[in-house]
1. Quick check for me: using +1 on Lys/Arg Cβ and -1 on Asp/Glu Cβ, what's the dipole size of chain B about its Cα centre, in debye to the nearest 20?
2. What is the count of Lys pairs in chain A whose alpha carbons sit under 23 Å apart, if the two are 8 or more places apart or on different chains?
3. Evaluate Rg over Rh across the stretch B:12-390, taking Cα atoms for both radii and Kirkwood's formula for Rh.
4. Out of B:Q323, B:V20, B:M212, whose Cα points farthest toward the positive end of the dipole of the stretch B:12-390 (charges: +1 Lys, Arg; -1 Asp, Glu; placed on Cβ)?
5. Which semi-axes, in whole Å and largest first, does the equivalent ellipsoid of chain A have when worked out from the alpha carbon gyration tensor as the square roots of 5 times its eigenvalues?
6. Using a simple charge model, +1 on the beta-carbon of Lys and Arg, -1 on the beta-carbon of Asp and Glu, nothing else, what dipole does the stretch A:85-175 show about its Cα centre, in debye to the nearest 20?
7. Which number gives the lysine pairs in the stretch B:96-228 that have C-alpha atoms under 28 Å apart and are eight or more places apart or on different chains?
8. Helix B:224-255 against the longest principal axis of chain B: what's the angle in degrees, Cα atoms only, rounded to the nearest 10?
Amino acid sequence: MAKFDPFRGTRVPQQVPRLVAVFAVAIIGLLVARYFLVPDTFGQLGHYRAAALDTIVAHEKKYAGQQACQLCHFQIMQKRLAGNHKGVGCESCHGPAATHVSDPAQIKPSIPSEREFCLRCHEYSPSRPTGFPQIDPVRHNPMSFCSNCHDPHAPEPPVIPGQCSACHGQIARQKAVSHHAGLECTTCHEAPEEHKVTPRLVRPTKPTERSFCGGCHARDADSPPHIPRINLRLHNPRYVCWQCHYPHYPETP
Amino acid sequence: MQGYIYPNEFELHWSILVVVYPYVTGLVAGAFILASLERVFNVKEVQPTYRLALLTALAFLLVAPLPLLAHLGHPLRSYEIFLTPNRQSAMAMFGFVYAWYLMVVLLLEIWFDYRKDLVLWARQEKGLTRWIHYALTLGATDLSPRALSFDERMGRWITIIGIPSAFLLHGYVGFIFGSVKANPWWSSVLMPVVFLFSAIVSGIALVLIIYMVSAMLRWKPVDMKCVDKLAAFLFYAMVVDFSLEMLDFIHRLYESEESIEILSQMIESRLFISLIVLQVALGTLLPMITLGLTAPALSKRSAVKLPDELKRLIYLGSAILVQIGIFSIRWNVVIGGQLFSKSLRGLTVYKLELFGVEGLLAAAALLILPFVILWVLVKILPPWPEAEAKLPRAEDDSGAVTGAVPLR
């Protein structure tokens, strides 16, 4: 009996139907897999499963949204919207408040008071935008809560420091208990006004001559008699005084 | 770390596995283009490497997506790029480029080329190999002259389609990097072209290595005409590749964008060994000069007359250096592009792990795996000239048997 061959007598080479069959199986397999595996709502709204939105909507709501806060805390809201934190939502600092809205008497939102919380945005980092208020937490009033001086609902914009201690607090506190407590910073440092605006670009000066300290500490200086004296000519003449003595906390002779 | 970098740049996101991926893909494209030299451009000298090059391309192509799957994680989800194709994403389209190249180009070409041998092997053999070879024929056992000439014609057409496909496969990899606008080290329209020519270089060098080593292991003589020609083509491809890279380099220098300072710092410090020493000096200039002098590339005779044994050694050494150089290119592109900060003010470092999915051992395993696959492929589909089955005389001459020849 003759073998069944649908292409017998035609000019289609034997390889063609075999390859067509292989590719047909691959393509049909892909289509079947698509039919069973691609979710029904895929691609309705974009390159994702549209029903995923319903899944997300079904999640428990944790945030109430600031409109809900406004209903009871209108004044605070007005204050905040007029200030520099107008772009920071209530729940950014106070945490998810949906439960508080549903039961305001029993459940209270958190009030972050620790410095680390504010430092998430305000710690100095060169990658933050220029002009964004930033502090060095080691130097900027350590151990003090931010809200002691700043109102988080209406924070003041950064001001040009009036005193050196605003930035150089550590030095100022050290100097305050030293023999140099009575001296102004500007007695020894010339600090141009621009230093207060762009502290890293315009630096204050330091004394570069021994004769500057000699103004008080030289044998022949015109200063009160209890101030320690040295022979400027013989006392380590190759060094400037502050290379050995720390002027913000000079040692007792 | 040096200078200023953004916090999210400290750790590199694309590891050595992403270096392995373009390297392996490049070898595939390069090996295929070498195979097409014989088929389309009729370079008879390289005929002994034709089948070997195709099998090499296939072995490496099968491994090509593995580094990506290992790097991305969730390999069980990978099929989804086929089910829900995203035409807006070049990366998502890779699945289709890959499938096209594997299914339509490489497998088909190998099948048409081997079909006659598969049928004859199936007839002569016994046991498991007989059934493996018969299954691979897909039942198409017709060995009539008409069927064989169809195989030949189809093979040729597929190679012609295959050349732009190979360009697409590897050009695509360069495209992925070249189109990252935010990265001045990658963003260059020359990137796909540079990738492509470096792929051709690496593919030719790889087949040269595999051909010579396999001849040595089989105790067979190396066809000197073939390796001379391969070395000459390797030299030509290297000249074009090096010129393109220099063009890219000069273009960057002349353009002198704001990134030039940090990039030159990076080249002088972080990439000095991998770029200046390995890629340019040892991986390109040294083998290029050596091949230029020893291979018959510039004239019919080589500039320096050397005994064949020494020439073979030099070719092998040059090809290995070329592999090191091309791997360095991939390293310098992938890792280099992540070493400098987008602030253009600092450099980070890449700490290569030893163990772990993204480690050195995993990368080494992925680079060894294609050779294991190639060994299996060579066992099933021997590419050697002596393994080629001869047609029985009756069918060979007269063409009297025109229908399907059943498995005896």
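1. Computed about the Cα centre, the dipole is about 880 debye.
2. On the way: A:K61/A:K108; A:K62/A:K86; A:K62/A:K108; A:K79/A:K108; A:K86/A:K108; A:K175/A:K196; A:K175/A:K206; A:K196/A:K206.
Lysine pairs, 8 or more places apart or on different chains, close enough: 8.
3. Working: Rg = 21.5 Å, Rh = 21.9 Å.
Here the Rg-to-Rh quotient is 0.98.
4. Result: B:M212.
5. Values: eigenvalues 1138, 229, 41 Å².
Semi-axes from the Cα gyration tensor: 75, 34, 14 Å.
6. On the way: 8 positive and 8 negative charges, 66 e Å.
Taking the Cα centre of the stretch A:85-175 as origin, the dipole is about 320 debye.
7. Working: B:K116/B:K126; B:K116/B:K220; B:K116/B:K225; B:K126/B:K220.
Lysine pairs meeting both conditions in the stretch B:96-228 amount to 4.
8. Approximately 30 degrees, to the nearest ten.
We did not get these values from a lab; they are worked out from the coordinates using the rules stated. Worth saying up front: this structure is predicted, and the values here are computed from it rather than measured. With ideal geometry, Cβ positions are generated from the backbone for all residues, glycine too; neighbour counts draw on all protein chains shown.
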